[in-house]
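**Student:** Handing you this structure, nothing more for now.
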Amino acid sequence: MKWIGNRKSDNVEDRRGMSGGGKAIVGGGVLGIIILLVNMFGGENAQMLTPILEQMNQGQQSAPTEERALTPEEKEIGDFASTVFAYTEDTWDKIFKENGMQYEQPKMVLFSDAVETACGSATAASGPFYCPGDKKVYMDLRFFEELKTRFGAKGGDFAIAYVIAHEVGHHIQTILGTSGKVRQLQQGKSEAEANKFSVALELQADFYAGVWAKHNSQYLEVGDLEEAISAAHAVGDDAIQSRMQGHVVPDSFTHGTSEQRIYWFKKGFQTGDIEQGDTFSALFE
């Protein structure tokens, strides 16, 4: 993706290299990897598993880490993420204005290992997530190496861009009121029914990521879309469950199958029209 020399967002807070404060670091074992992928892109619910993970990893707490200087590679990927975040700001500012609305820009926090949010404590094991309590996207950028090496995603910078755009999609759902309506609709429903609403929400965030990519076509390079599609495939519920437990349980899906995630990302990219992202009617018709 083309990005060098372009504007970086002023709404990015880089906490990488800061002290972990003696918190339990959960992302280093098999359990952490499983939970990380199961909860990737989990919106406001991703960090709720942190207390469970800490209990299951008792005795494996790491010592407090000291602040350190970022490596050149870390600085570069941080600059890239900040530039992509600026692209999302420009795109959604424009789309909202075209629809007679004003876009409220979110913030993004880059962190390592563990982080405190308005939604509670979270670790790298939560994967990238959005917290509606403070309207911030949280990213541990080392996640993407795990996604590539352990779970077969192609990797590449546009995989990171896709994830950032997906999490910004959750912000759009928050400020438009979609997330709040979904939480109301989930009340009193069975777990399977509630999960279906979660799937629709996640697929719509994938759709919004595709819309964003369409509006930033001038920055795309050969192979970028394939990187996003590979990442979407790797984090489908069926792909994760097949790899982790050898079989799939559709009623437990919360993010959608690989096929669904790819379909809605592609639809967003093909149409570029936010009016075409009614994932709820598609799932409940």
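The values are calculated or read from the model by the stated rules, or taken from the named source; none is laboratory data. What you are looking at is a predicted structure, and each value in this text was computed from that prediction instead of being measured. All Cβ positions, even for glycine, are placed from backbone atoms using ideal geometry, and neighbour counts span all protein chains on display. The accessibility values were calculated without ligands, DNA or RNA, using every heavy atom of the protein model including side chains. Shrake-Rupley method; radii C 1.70, N 1.55, O 1.52, S 1.80 Å.
**Student:** Averaging sequence separations of C-alpha pairs under 8 Å and six or more residues apart, then dividing by the length of the range 158-285, give the relative contact order as a whole percent. Mind dumping the intermediate values first?
**Tutor:** Working: 173 pairs, mean separation 44.2, N = 128.
In percent, rounded to a whole number, it is 35.
**Student:** Where the only charges are on Cβ atoms (+1 Lys, Arg; -1 Asp, Glu), what is the dipole of the range 176-233 about its Cα centre, to the nearest 20 debye?
**Tutor:** 480
**Student:** Taking square-rooted eigenvalues a ≥ b ≥ c of the alpha carbon gyration tensor, is the range 203-285 rounded, prolate or oblate, where a/c under 1.5 means rounded and, failing that, a/b exceeding b/c means prolate?
**Tutor:** Oblate, since a/c reaches 1.5 and b/c is not below a/b.
**Student:** Also, quick follow-up: Check residue 256: other-chain or 5+ apart residues with amide H under 5 Å from its amide H, H built from backbone geometry?
**Tutor:** Result for residue 256 returns 237.
**Student:** Rolling a 1.4 Å sphere over the protein heavy atoms, what is the accessible area per residue of the range 190-278, to the nearest Å²?
**Tutor:** Accessible area per residue, the range 190-278: 44 Å².
**Student:** Still on this model: Quick one: Karplus J couplings for the range 237-249, per residue in order, coefficients 6.51, -1.76, 1.60, θ = phi - 60°, nearest Hz, x for Gly and Pro?
**Tutor:** With coefficients 6.51, -1.76 and 1.60, one gets 4, 5, 5, 5, 5, 4, 6, 7, 10, x, 7, 10, 10 Hz.
**Student:** log₁₀ I(q)/I(0) of the range 95-191 at q = 0.12 Å⁻¹, via Debye over equal Cα point scatterers, no solvent, to two decimals?
**Tutor:** -0.49
**Student:** Rounded to whole Hz and in sequence order, give me ³J(HN,Hα) for the range 69-77 from the Karplus expression 6.51 cos²θ - 1.76 cosθ + 1.60, θ = phi - 60°, writing x for Gly and Pro.
**Tutor:** Result, rounded to whole Hz: 6, 6, 6, x, 5, 5, 5, 5, 5.
**Student:** If you stretched the chain out fully between residue 218 and residue 189, how much longer would it get, using 0.36 nm times the residue separation minus the C-alpha to C-alpha distance?
**Tutor:** Taking residue 218 through residue 189 to full extension adds about 6.1 nm, to one decimal.
**Student:** Report, to two decimal places, the Cα Rg of the range 230-278 normalised by 2.2 N^0.38 Å (N = number of residues).
**Tutor:** With N residues counted in the range 230-278, Rg over 2.2 N^0.38 Å equals 1.28.
**Student:** Please compute the length gained on full extension between residue 270 and residue 252, using 0.36 nm multiplied by the number of residues separating them and subtracting their Cα-Cα distance.
**Tutor:** 3.5 nm
**Student:** Let me ask something else. Taking 0.36 nm per residue of sequence separation and subtracting the Cα-Cα distance, how much length would be gained by fully extending the chain between residue 181 and residue 4, in nm to one decimal?
**Tutor:** Roughly 59.8 nm would be gained on extension.
**Student:** Set the bar at 21 Å for Cα to Cα. Now go through 214/266; 148/214; 94/154 and name every pair that lies beyond it.
**Tutor:** The pairs that break the limit, which is 21 Å between Cα atoms, are 148/214; 94/154.
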